[in-house]
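A short worksheet on the structure shown next.
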Amino acid sequence: MRPDLTLCLALSCSAASAAPVQIEKIAGDFRDPMALAIAPDGDVYLVEREGRILRVRPSTGGVFPVGQIEVSALRASDPKSKYGREDAMQGIALDPDFARNQRVFLFYSAPDQKLDRLSRFTLKDGSLDLASEKILLEIPVDRENTVCHHGGSVQFGPDGLLYLSVGDNTNPFESDGRAPIDFRPDRGYWDAARSAGNTNDLRGKILRIRPTEDGYEIPPGNLFPQGTAKTRPEIFVMGCRNPFRVSLDSKNSTLYWGEVGPDAAAPSDKGPAGHDEVNQAKAAGNFGWPFVIADNKPYPVIDLTTGKPGPMIDPAAPRNDSPRNTGLAILPPAQSAFIWYPYSESAEFPVIGKGGRNAMAGPVFYHDASRKYNLLPREDDHTLLTYDWIRGKIWKAKLGSGDKLEKLEILSEGLRHPMDMEMAADGSIFMLDYGSEWYFNKNGYLARILPETRNQQPEIAIEAASGKTGTFFVKSATDPDGDKIAVTWWLTTGTSERKVGSGSTVTVPAGEGSQIRAAASDGKNPPAIARIELGTADQMAELELGFPKKLKSVSFGKPVQFTVTGNPQPDLAKVSVRARYIPATGHDAGGPQFPEEIAKLVTANQCLACHQVDKSSAGPAYLDVALKYRGQPDAAARLHTKIKAGGGGVWGELPMPPQVAVSDADADKIIGAILHLADGMVEASGKAGKIDLPARPADATPDGAWEFSAESPGYTAAKVRLPSN
């Protein structure tokens, strides 16, 4: 990068601070929501990872099931599977003429074949007509050996062209955080040159097509003209690792996307440090992966039989010598990223900060005085919004002449896991939050980002009336600004809703509807929504934990016999049974937890992106870490090194990136709290049928209790509490 440009960017970013916006939740309890699309009438369609499609009506808070597509996906019944790790329902787009033709485009992992599929469906009476499926593209993929990266963003540009991002479908866990360029025999899963670097393969690309009634056409201007040997004409951009969240400028069709990069913490003779990227393509091009990264930092081709680096790739003419390459040997010149940043602080873009990373590209903002909302002031006309799933921040990238970056500032921070963003016709932005964990969330939500105003949203709570079936009332309704509140009641019935009343109470016929909602409006903000489910939610099979002897109490230092059963009967080798001592004077919140100070620390440092206190996520549960290292004198030092330097292999193939944003003092506080989680805790396999309680510690108080729990993938946990003696 030119030194003068580096200095210019550093100066323009240095004084940035978060701008005020309002983020108002619309609806939630979504299961790993992946992507959203906004209909002309203002309704929002979203897809969940395991194949469910929903429609949300922001004005009433209504959530309506539209359909369910069978997909290949990681399931709670086998969460550690190395097969199809990131297979899923990936993306959704609505036809530009959706108001008339009700057509929906979905990108998903086929359940019965090893391929990802782009299909068009039609809504009929509000539901997805599965028989209407028209397959446009099928992309063969690998699923074995923990291959990852599907991309999966689907977007229409202002010219009616459809853009589809596709990941490199490669195992990234055995290349030391560098480029997976593995030319050895039988190492195809570890070779991204076979996909992202292959001009004759649709993986690791952003495709551009024009859908037609019977399929699609190739528009002019793609990377390779139709008929070019050893190429695919659908390719607009090649050289992508995991291109996430494609965005098109509504005025000039400039393409932006977030690129999730590799894990290397620092440069070495094996290549540069890993970087995430926000990319810009004004025309078709090659963005270099797996041969270059960031601002065209090259990788060497490593002799993996000896581990010695070979010659560096030439970014001006990257050469693909993979034995699995079916495309051109000499590739188009590599294009530099638009914005790039490592785990550590970025010299070029210091406002990005440091820490975990997962780059995304959002909409391009244009100021419009005729619109209801303008998130940014007039001087920010023509600004790209970018965000990061792990860092929980949104940045505004002011664009100048020729779409060049002029200034980069923080717009908002403190978000959880922003997964998708799109701008509505009224100028507000809909944001999809994925949920708190890596997989199997049930707490994802849809929110609306608005310009900050002094007027605040009302607050409302409702309850079912005791002894009056079908009657509900407003328990409380307040407005922070003292505005008058109007309450309307809505009943969800299948894929639609109807207004059933207004005011403080409502009665609905027995057996009708699946959800009752009250919408409280002050006439200024979007309404606040309170809801009560009328049906029974889907439930997993339940475990039952029993004791052969009728125990009235249990003692420290004694064995306890137990049985675990379920319908269907679980595999006892996969059942974990734990006993947790709860002092009589202690506070019990239903499970191990951090003190408030530590909870704030792990939240502020994005630790919960990959870990939970008592459940496995992308990384191990903190309680599992505490149990593993309990009693080891060097545990604190080893964990400190792991936090600061990163590592892998202890808990599986997924590496832990270096947490460079965590100070030494905070790391020690977090480690101490993690290790204390194991106090008064013991575990055994369900197959053992016996658990040995630890000896009574000197500071144990009398009259406490033991909580026994049994857990297994695909089952609801069982818990039994017995007095201690």
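Rule-based calculations on the coordinates, nothing more; no lab input. Remember, it's a predicted structure, so these values are computed and weren't measured experimentally. Please note: Cβ atoms are built from the backbone with ideal geometry, for glycine as well, and neighbour counts cover all protein chains shown.
In whole percents, the pair-distance distribution calculated for the chain from its alpha-carbon pairs, binned every 10 Å from zero, is 3, 13, 22, 25, 20, 12, 4, 1, 0. Helices in the chain, meaning DSSP H runs of at least 4 residues, each add -39500 (n - 2.57). Divided by all residues, the mean residue ellipticity at 222 nm is -2500 deg cm²/dmol. Could you tell me which of rounded, prolate or oblate describes region 225-319, using a ≥ b ≥ c as the square roots of the eigenvalues of the alpha-carbon gyration tensor, with rounded for a/c under 1.5 and, failing that, prolate when a/b is larger than b/c and oblate otherwise? Since a/c reaches 1.5 but b/c is at least a/b, the shape of region 225-319 is classed as oblate.
So what's the net charge close to A447: Lys and Arg +1, Asp and Glu -1, counting the other residues with Cβ under 13 Å from its Cβ? Don't skip to the end; give the middle numbers.
Details: positive: K25, R416, R448; negative: E24, D420, E422, D433.
Taking every Cβ under 13 Å from that of A447, the sum is -1.
Label-to-label distance for A39 and K114 is 3.9 nm, based on points extended 7 Å past Cα in the beta-carbon direction.
Directionally averaged projected area (region 68-210, Cα convex hull): 10.2 nm². Decide, for region 327-464, between rounded, prolate and oblate: order the square roots of the alpha carbon gyration tensor eigenvalues as a ≥ b ≥ c, take rounded if a/c falls under 1.5, and otherwise choose prolate if a/b is larger than b/c, else oblate. Cα axes put region 327-464 in the oblate bin. In this simple spin-label model, placing a label point 7 Å from the Cα along the Cα-to-Cβ direction at both A695 and A618 gives a separation of 4.2 nm. The distance linking region 109-168 with region 328-383 is 26 Å (Cα centroid to Cα centroid, whole angstrom). Between E345 and E133, the FRET efficiency estimated from the beta carbon spacing at R0 = 51 angstrom works out to 0.60. Distance between the pseudo-spin-label points of E379 and K282 (7 Å out from Cα toward the beta carbon): 2.5 nm. Normalised by residue count, region 467-564 yields a Cα convex hull volume of 239 Å³ per residue.
Place +1 on the Cβ of every Lys and Arg and -1 on the Cβ of every Asp and Glu in region 164-306, take the dipole about the Cα centre, and give the residue among G167, G271, G227 whose Cα lies farthest towards its positive end. It is G227. On the basis of the beta-carbon distance and an R0 of 30 Å, T641 and D142 show a calculated FRET efficiency of 0.30. Counting 0.36 nm for each residue step from S250 to R319 and taking away their Cα separation leaves a gain of 21.3 nm.
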